[in-house]
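Participant: Please read through the structure below; I'll follow up with questions.
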Amino acid sequence: MQLIAVVGKKLANSLDEFVPDTIISTYPLGGLIVDNARRHGLTASLITYVTDPAAHRIWISETGRYLATWTATATEIWRHGPASIAVVPPAVHPAFGPATCEGDRLRLRAEMGLLAGALALLTSGSWGVGDMAAAARDIRDFGLITPVVICGRNRELVKDLSKESGMIVIGWTDRMPDLMRTCDVAVLNSGGLTLAEARVTALPVIHYRPLPGQGIANANVCEEHGIAPWPKNCYQLLSALTEAIGTRPFLTDRARNQLTADDELLAEIQASCERGSQKMVAKSGRR
């Protein structure tokens, strides 16, 4: 907080000649800096747009106005405030939007060289951080859904996953709107703006293996308020995937048939997950 005070004072001094009427922050800590600058003479009003579902207490100041995409976020901000809050539509690029028909999705898949059948879009923003590889393998190993892994600028992840079979690996891309329209479900580990983009695209979302800290907080809020499920193991993941994909608009018959797993397969997957959980418990108990 001391650093915020120092930067806030410098910001107030740097805006002596140009004084804006309003400053809009899309990063909560940036909003706190502006709020501090207002205590040093800055007269501009402050609006902070909160992109994450979960809001931290330290983000909230007594002045300024907050915009949130989710009612759950507005509730959290109010609990930490109180503060002036408005729930607004997702502030995403206009290129994001649902496919108009199944023909539109099939055309995009052919254009982008994507497989027929059920596709799960995995992304962790431009950095491609977190346990993306493990999540992709968990989905791939079901044998029902092909993971489409967006690695962003993480070249090591692209290199490692390109050696794997049964998944589609993509590095940095500017075609996220089209990828969201063509895939059947998004699997996220962070939330934030990508969650809003998926909502605008009518793409179901699942949080899985979320990032420590903010990723877990976002997943928890989303599950608690019915925004998106947070499966804790691979058996719960399969259940969440089949439920989400089954409600996807324009789902092809081939994709639907891929998800018709028999009881024997489900039992085998559940047993595998339980064995994996036991190994994790045993490992964590070692000293």
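Participant: Where a ≥ b ≥ c are the square roots of the eigenvalues of the C-alpha gyration tensor, would you call the range 1-52 rounded, which needs a/c under 1.5, or, failing that, prolate if a/b is larger than b/c, or oblate?
Facilitator: Oblate.
Participant: Let me ask something additional. Can you work out ³J(HN,Hα) from phi for every residue in the range 203-217, in order, using Karplus 6.51 cos²θ - 1.76 cosθ + 1.60 and θ = phi - 60°, giving whole Hz and x for Gly and Pro?
Facilitator: 9, x, 10, 10, 8, 8, 6, x, 4, x, x, 5, x, 5, 4
Participant: For the pair residue 93 and residue 137, how long in nm is the line joining their label points, each one 7 Å along Cα→Cβ?
Facilitator: 3.2
Participant: Going 7 Å from the Cα of residue 21 in the Cα-to-Cβ direction, what parts of the range 55-85 have a backbone nitrogen less than 18 Å from that spot?
Facilitator: The answer is 64-65.
Participant: Just check the chain against the gyration tensor rule for me: Cα atoms, a ≥ b ≥ c as the square roots of the eigenvalues, rounded for a/c under 1.5, and otherwise prolate or oblate depending on whether a/b exceeds b/c.
Facilitator: Since a/c reaches 1.5 and a/b is larger than b/c, the shape of the chain is classed as prolate.
Participant: Any idea what angle helix 102-112 forms with the longest principal axis of the chain, computed on alpha-carbon atoms, 0 to 90 degrees, nearest 10?
Facilitator: 90
Participant: Length gain on complete extension for the stretch residue 100 to residue 78, per 0.36 nm per residue less the alpha carbon to alpha carbon distance?
Facilitator: 4.2 nm
Participant: Report the relative contact order of the chain, percent, no decimals, based on alpha-carbon pairs under 8 angstrom and at least 6 residues apart.
Facilitator: 14
Participant: Let me ask you something else. Calculate the FRET efficiency for residue 225 and residue 155 from the Cβ-Cβ distance with a Förster distance of 41 Å, rounded to the nearest 0.05.
Facilitator: Efficiency, rounded to the nearest 0.05: 0.70.
Participant: Sort 2-14, 190-202 by the packing proxy (mean of other Cβ within 10 Å over each peptide's residues), most packed first.
Facilitator: The most tightly packed comes first, giving 190-202, 2-14.
Participant: If packing is taken as the average number of other Cβ atoms within 10 Å across a peptide's residues, how do 81-90, 231-240 rank, most packed first?
Facilitator: 231-240, 81-90
Participant: Under the rule of at least 5 residues apart or a separate chain, name every residue whose amide H is placed under 5 Å from the amide H of residue 149.
Facilitator: The answer is 122, 168, 169, 170.
Participant: Please list 3J(HN,Hα) in residue order for the range 23-31, calculated via the Karplus relation 6.51 cos²θ - 1.76 cosθ + 1.60 where θ = phi - 60°; whole Hz, with x for glycine and proline.
Facilitator: Going residue by residue, I get 10, 10, 10, 9, 10, x, 5, x, x Hz, with x marking Gly and Pro.
Participant: Could you tell me whether the range 1-150 comes out rounded, prolate or oblate from its Cα gyration tensor? Rule is a ≥ b ≥ c as square roots of the eigenvalues, rounded for a/c under 1.5, then prolate if a/b exceeds b/c, otherwise oblate.
Facilitator: Taking the square roots of the gyration eigenvalues as a ≥ b ≥ c, the range 1-150 is prolate.
Coordinate-derived values only; no laboratory data. Given the structure is predicted, the values throughout are model-derived calculations rather than measurements. Here the Cβ is made from the backbone with ideal geometry for all residues, glycine too, and neighbour counts use every protein chain on show.
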